[in-house]
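Asks: Here it is, the structure in full.
The values are calculated or read from the model by the stated rules, or taken from the named source; none is laboratory data. Because the structure is predicted, anything quoted here is derived from the model rather than measured. In this analysis, Cβ positions are derived from the backbone assuming ideal geometry, glycine residues included, and neighbour counts consider all displayed protein chains. When the accessible area is computed, the model is the full protein with side chains, heavy atoms only, and any ligands, DNA or RNA have been set aside. Shrake-Rupley method; radii C 1.70, N 1.55, O 1.52, S 1.80 Å.
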Amino acid sequence: PKFALTLAFISLLIFASVAFLFVFFGKIYAADLYMGQAIRSEKVSEEGSIAKIGKAINLNQKESRYFSRLGQEYLVLTNDEMLKGEQERDINKIKAYLASGVQAGVFGRNLMPKDVNSVETLAQIYENSGIYLAEGYESAAKEYQKALELEPNNPAFYVRLGIVKTKIAATKEKSEDKKVLIEEAKELFKQAIEVRKNFDSAYYNLASTEEALGQMDEAIEDMKKAVSIQGNNVNYVFNLARMLQSRGKDDDNKIAEALFKQILGVNDKEINTHFNLGLLYEKTSRKAEAAAEYAKVIELLPEGSEKTKEQLDKMIGNIK
């Protein structure tokens, strides 16, 4: 009887353990299914992908990646709302999406504080919230710093931290405070280049900080390096042309004109390029060509740009 009782107890224990494991792994499996459906969703929406992630979290609240993904989904909704026109944009929705995104990102980071993906996701959410939340950029800088501590040889984190520093600088009123932060950003971009010599994004942002500090010669040289690494990047080519146009030494204007035309050869509807080419023509006394470029800008401007069109009409009138 003694052995029979022991055997019965062990049998019950095994049965209970199997049942528990079946339920436990069943919930994890079901949570993963919901998560897979959310990831495969064609469009991010509260009723679709976000609701599915919510179901996954209800089944498994210990999975950091679920919360991080939820934060990213809210970030997408935030960006979609921000891209709407001023009449359609709902500021309250943006704030609500950001608050939910931050909350989800913090949960994900706290569950796995040593997971660089969770830390990076939270940093991205904070960075995007900086436009609306006063502490957004500062919080983003702290998270990117943590990401750097986890992956000190990742140049992308140096660049992102540097970009956040420039965004914080833009919020400062005193020029001395701005300069300190831009100098800090410049050093971060240099560190990124030390880690990866051919990192075009680091050269581009380094050039931008050098321009802000009035170091135009250095800025142009570093922008040239960004272009040499990624020559198909229209943004790099445009900014190199713009910097050359601004400096205006020797053959700068001639090279800038060639670069602007190179961009327009690929995309003749690039408004900023037409406008800057117009400025270049006006600066070099090619008035008819300048007026033609400004007229092209008016033609390409979207509806609702009446004030800008009026200003361009005045510029054309002044030239004539």
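Asks: Do you know which residues across the stretch 143-160 are of a type in the set (Ser, Thr, Tyr) and under 11 Å from residue 123 (Cβ atoms)?
Replies: Within the stretch 143-160, just 144 meets the criteria.
Asks: Condition (residue is small (Gly, Ala, Ser) and either open to solvent by 30 Å² or more (accessible area, probe 1.4 Å) or under 24 Å from residue 103 (Cα atoms) (or both)) applied to the stretch 160-171: is it met by at least one residue?
Replies: yes
Asks: Among the residues of the stretch 101-156, which ones are within 21 Å of residue 192 (Cα to Cα) and among the basic types (Lys, Arg)?
Replies: Passing the criteria: 142, 146.
Asks: Which one of these is within 29 Å of residue 282 (Cβ to Cβ), surrounded by 16 or more Cβ atoms within 10 Å (Cβ to Cβ) and at pLDDT 95 or above: 222, 200?
Replies: Checking each option against the conditions leaves just 222.
Asks: Search the stretch 99-133 for residues being of a type in the set (A, V, I, L, M) and surrounded by fewer than 24 Cβ atoms within 10 Å (Cβ to Cβ), and hand back the single one that is nearest to the chain's Cα centre (by Cα).
Replies: 131
Asks: Another question, if that's okay. Would you say residue 96 is of a type outside the set (Phe, Trp, Tyr) and open to solvent by less than 40 Å² (accessible area, probe 1.4 Å)?
Replies: For residue 96, the condition - of a type outside the set (Phe, Trp, Tyr) and open to solvent by less than 40 Å² (accessible area, probe 1.4 Å) - is not met.
Per-residue answers, yes or no, for (1) surrounded by 19 or more Cβ atoms within 10 Å (Cβ to Cβ); (2) more than 30 Å from the chain's Cα centre (by Cα); (3) closer than 22 Å to residue 239 by Cα:
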| residue | (1), (2), (3) |
| --- | --- |
| 285 | no, yes, no |
| 289 | no, yes, yes |
| 301 | no, no, yes |
| 310 | no, yes, no |
| 313 | no, yes, no |
| 320 | no, yes, no |
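Asks: Here's something else I'd like to know. Can you spot a residue in the stretch 134-141 that is part of a helix (DSSP H, G or I), open to solvent by 50 Å² or more (accessible area, probe 1.4 Å), modelled with pLDDT of 90 or more and over 11 Å from residue 67 (Cα atoms)?
Replies: There is at least one residue in the stretch 134-141 that is part of a helix (DSSP H, G or I), open to solvent by 50 Å² or more (accessible area, probe 1.4 Å), modelled with pLDDT of 90 or more and over 11 Å from residue 67 (Cα atoms).
Asks: Taking residue 80 as meeting all but one of (1) at pLDDT 85 or above; (2) over 21 Å from residue 126 (Cα atoms), write down the number of the exception.
Replies: (2)
Asks: What are the pairs with Cβ atoms under 6 angstrom where one residue, in the stretch 24-37, is farther than 10 Å from residue 60 by Cα and the other, located anywhere, is open to solvent by 80 Å² or more (accessible area, probe 1.4 Å) and at pLDDT 75 or above? Sequence gap at least six, or different chains.
Replies: 34/55
Asks: Please give the number of the condition residue 228 fails out of (1) more than 26 Å from residue 198 (Cβ to Cβ); (2) open to solvent by 60 Å² or more (accessible area, probe 1.4 Å).
Replies: Here residue 228 clears every test but (1).
Asks: Step by step: first the residues of the stretch 29-74, then only those that are open to solvent by less than 20 Å² (accessible area, probe 1.4 Å) and closer than 16 Å to residue 96 by Cα, then the one that is farthest from the chain's Cα centre (by Cα). Which residue is that?
Replies: Selected residue: 50.
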